[in-house]
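The values are calculated or read from the model by the stated rules, or taken from the named source; none is laboratory data. Because the structure is predicted, anything quoted here is derived from the model rather than measured. Cβ sites come from the backbone with ideal geometry, for glycine too, and all protein chains shown count toward neighbours. Areas reflect the complete protein model, heavy atoms only, side chains present, ligands, DNA and RNA absent. Shrake-Rupley method; radii C 1.70, N 1.55, O 1.52, S 1.80 Å.
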Amino acid sequence: MLEAPSGQTRKGRLFVLGGPSGVGKGTLRVQALADIDGLNYSISCTTRKPRAGERHDVDYHFITHEDFEDKAARGLFLEYATVHKDRYGTLREDVVRELDAGRDVLLEIDVQGAWQVRKLLPESVLIFIAPPSLEALEERLRLRGTESEDKIKLRLENAKKEMEQSSGYDHVIVNDVLDRASKELRKLILSERSPSP
Ligand code: 5GP
């Protein structure tokens, strides 16, 4: 069920954070959640293997391909996509429950997911985090050291495609200096969020 009760619009507002891998959107997301009271993060499901330090049900719900396809077939995802050869999806129920209770929700998902959300919930706010340049992004991905060379190449190819679609987002924030970008994101969310319940 995506219709709001009694034909009204949902009370909470949905913020969708997007941008290429390595751009720092994970860090910006963590800072936004720490800085903004009452902003809730929806933990995604993924078939990707956990990286060192990542925790099940905290960073992601790490699930099997079988479980993922089962959830998809049962319509449990608000949106889902294949990203860098793995499956990622947002659980519908988690988001709807929070929005209906008047709480704002933040998603960190790829462009394919962002377009699905836009269709289902047109009032959502789409924010694209862009790198200062593709060269800067490549350097960051290598410095992060979490991916193999093959995966870095794949992520860079996808980054180019994602950048081309940034104009479909409502806002673009360039992550040139983390602290500056973080403040811009906070200001943006505070100005767009729904009034307190
Ligand atoms: P990572 O593997 O680096 O954590 O994430 C890879 C990409 O998948 C990122 O662009 C991230 O935003 C995206 N992603 C994470 N969760 C979801 C999700 O639930 N749905 C979609 N469509 N993309 C996701």
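When the expected Rg is taken as 2.2 N^0.38 Å, what fraction or multiple of it is the alpha-carbon Rg of the range 93-139?
Working: Rg = 14.1 Å, N = 47, 2.2 N^0.38 = 9.5 Å.
Taking the Cα Rg and dividing by 2.2 N^0.38 Å, one obtains 1.48.
Please give the direction-averaged projected area of the C-alpha convex hull for the range 56-99, in square nanometres with one decimal.
Values: hull surface 13.6 nm².
Projected over every direction and averaged, the Cα hull of the range 56-99 covers 3.4 nm².
Carbon and sulfur: what percent of the range 66-197's accessible surface (1.4 Å probe)?
52
Could you report the range 98-189's accessible area per residue, 1.4 Å probe, as an integer in Å²?
52
What ranking, highest mean first, results for peptides 76-82, 49-55, 62-68, 99-105 when packing means the other Cβ atoms within 10 Å averaged over each residue?
Going from most to least packed, we get 76-82, 99-105, 62-68, 49-55.
Per DSSP H run of n ≥ 4, the term is -39500 (n - 2.57); total these for the chain, divide by its residue number, and report the mean residue ellipticity at 222 nm rounded to 500 deg cm²/dmol.
Working: 7 runs with 81 residues, N = 197.
Counting only the DSSP helices, I get -12500 deg cm²/dmol.
May I ask which residue of Ala32, Leu17, Thr47 lies farthest towards the positive end of the charge dipole of the range 13-52, with charges of +1 (Lys, Arg) and -1 (Asp, Glu) on Cβ and the Cα centre as origin?
Of the options given, the answer is Thr47.
Multiply the residue gap between Arg51 and Ala136 by 0.36 nm, knock off their C-alpha separation, and tell me the result in nm, one decimal place.
Between Arg51 and Ala136, full extension yields 28.3 nm more.
How long is the chain along each principal axis, judged by its Cα atoms, biggest number first, in Å?
So the extents along the principal axes, rounded to whole Å, are 51, 41, 30.
Could you give the Stokes-Einstein D for the range 47-142 in µm² per second, using the C-alpha Kirkwood radius, 10 °C, 1.306 mPa s?
The calculation lands on 105 µm²/s.
Of the listed pairs Lys49/Lys187; Lys119/Lys183; Lys11/Lys160, which have alpha-carbon separations greater than 32 Å here?
Those over the limit are Lys49/Lys187; Lys11/Lys160.
How many times 2.2 N^0.38 Å is the alpha carbon radius of gyration of the range 138-188?
Taking the Cα Rg and dividing by 2.2 N^0.38 Å, one obtains 1.36.
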